Amino acid sequence: MSLVPVIRSAQFVTSAVAPQGYPKEGLPEVAFAGRSNVGKSSLINTLLGRKKLVRTSATPGRTQTLNFFRINDAFIFVDLPGYGYAKVPAHIREQWGPMVEKYLTTRRELAGLVHIMDLRHPPTADDLQLWHWLRSHGLEAVAVLTKADKVPRGRHMAHAQTAARLLGLPSTDIILFSATTREGTETLWARILPWIQQPA
Ligand code: GTP
Ligand code: MG
């Protein structure tokens with residue numbers, strides 16, 4: 001039996017930079033956050049089995065708005081803009097904090113957050129800052145280490161353990177993922193489904 005839900009529809013709803021622009025239907029939301037270019041959009045496409053629903057790019061820092069996607073007319077995935085990319089102009093980098101913090105602290109529909117990091121490297125200072133901020137605000141969050149296909153299998157456990165220690169989690173709580181091989185898809189859905197099955 002597969003734990004992956006059948007995706008009957010998945011469509012872009014809107015982009016927003018402030019609460020006036022958020023969707024108003026009241027559907028439960030799952031947000032996806034991580035460093036620029038870490039693979040947020042690819043992970044969303046992989047979860048949904050859609051190749052190009054969410055635009056991916058070789059140029060980090062392209063996504064500068066909150067992007068909302070309605071799935072099965074039942075819940076919403078929110079692709080948050082990436083952080084930590086030095087080449088993004090300073091005035092845009094300075095908007096990231098307030099824009100994302102506003103969403104994370106005020107959005108009633110937000111049921112949980114998928115925090116995406118890179119399995120190849122230990123979590124960055126920015127990653128750790130966001131993770132600990134999420135926890136201190138009591139937000140439901142799951143840590144995912146993506147691009148697993150780029151790390152030899154024999155190294156997976158050691159990399160996951162380093163991340164777990166820095167994040168303050170048991171390593172069994174961390175999900176290893178790859179948009180290339182789709183590994184981790186079922187495990188991640190198993191964490192997301194309880195969030196969206198409850199009323200927001
Ligand atoms: P921004 O929106 O710019 O912050 O980037 P993002 O986090 O949405 O990353 P995106 O999904 O656009 O992927 C960035 C690059 O990494 C693209 O070239 C992807 O093809 C590649 N990529 C993403 N996930 C994986 C993965 O699991 N494995 C491999 N090998 N490449 C990946
Ligand atoms: Mg993206």
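Arg70 - would you say it is within 12 Å of ligand 1 (Cβ to nearest atom) and either out of contact with any Gly (no Cβ under 9 Å at 6 or more places or on another chain) or modelled with pLDDT under 95 (or both)? So Arg70 fails the test. For region 134-168, the set of residues classified as open to solvent by less than 60 Å² (accessible area, probe 1.4 Å), within 22 Å of Ala111 (Cα to Cα) and over 15 Å from the mean Cα position of the chain (by Cα) consists of Leu167, Gly168, listed by residue number. Annotation note: of Leu134, Leu139, Leu113, the sole residue that is assigned to a helix (DSSP H, G or I), of a type in the set (A, V, I, L, M, F, W, C), in contact with a helix residue (DSSP H, G or I) (Cβ under 9 Å, 6 or more places away or on another chain) and under 18 Å from Val30 (Cβ atoms) is Leu134. Across region 112-124, not a single residue is classified as among the acidic types (Asp, Glu) and open to solvent by 40 Å² or more (accessible area, probe 1.4 Å). Within region 169-179, the set of residues being among the polar types (S, T, N, Q) and open to solvent by less than 10 Å² (accessible area, probe 1.4 Å) comprises just one member, Ser178.
I'd like the residue in region 24-37 that is at pLDDT 95 or above and open to solvent by 10 Å² or more (accessible area, probe 1.4 Å) and, out of all such residues, is nearest to Leu104 (Cα to Cα). That would be Pro28. What are the residues in region 46-56 that are at pLDDT below 95 and either β-branched (Val, Ile, Thr) or within 8 Å of ligand 1 (Cβ to nearest atom) (or both), if any? Once the filter is applied, which keeps residues that are at pLDDT below 95 and either β-branched (Val, Ile, Thr) or within 8 Å of ligand 1 (Cβ to nearest atom) (or both), region 46-56 yields Val54, Arg55, Thr56. Within region 86-111, if we keep just the residues that are within 28 Å of Arg191 (Cα to Cα) and open to solvent by 60 Å² or more (accessible area, probe 1.4 Å), the residue that is modelled with the lowest pLDDT turns out to be Pro98. When region 73-85 is filtered for residues that are assigned to a loop (DSSP other than H, G, I, E, B), within 16 Å of ligand 1 (Cβ to nearest atom) and under 25 Å from Pro194 (Cα atoms), the ones remaining, listed by number, are Leu80, Pro81.
Residues of region 1-36 that are within 16 Å of ligand 1 (Cβ to nearest atom), in contact with an Asp or Glu (Cβ under 9 Å, 6 or more places away or on another chain) and part of a loop (DSSP other than H, G, I, E, B): none at all. When we screen Thr187, Thr180, Thr162 for residues that are in a loop (DSSP other than H, G, I, E, B) and at pLDDT 95 or above, the only hit is Thr180. Within region 38-47, not a single residue is surrounded by 13 or more Cβ atoms within 10 Å (Cβ to Cβ), over 19 Å from Lys147 (Cβ atoms) and not acidic (Asp, Glu). Residues of region 15-31 that are within 16 Å of ligand 2 (Cβ to nearest atom) and more than 16 Å from Pro194 (Cα to Cα): Ser15, Ala16, Val17.
The values are calculated or read from the model by the stated rules, or taken from the named source; none is laboratory data. These numbers come from a predicted model, not from an experiment. Cβ sites come from the backbone with ideal geometry, for glycine too, and all protein chains shown count toward neighbours. SASA here: full protein model, heavy atoms, side chains in, ligands and nucleic acids out. Shrake-Rupley method; radii C 1.70, N 1.55, O 1.52, S 1.80 Å.
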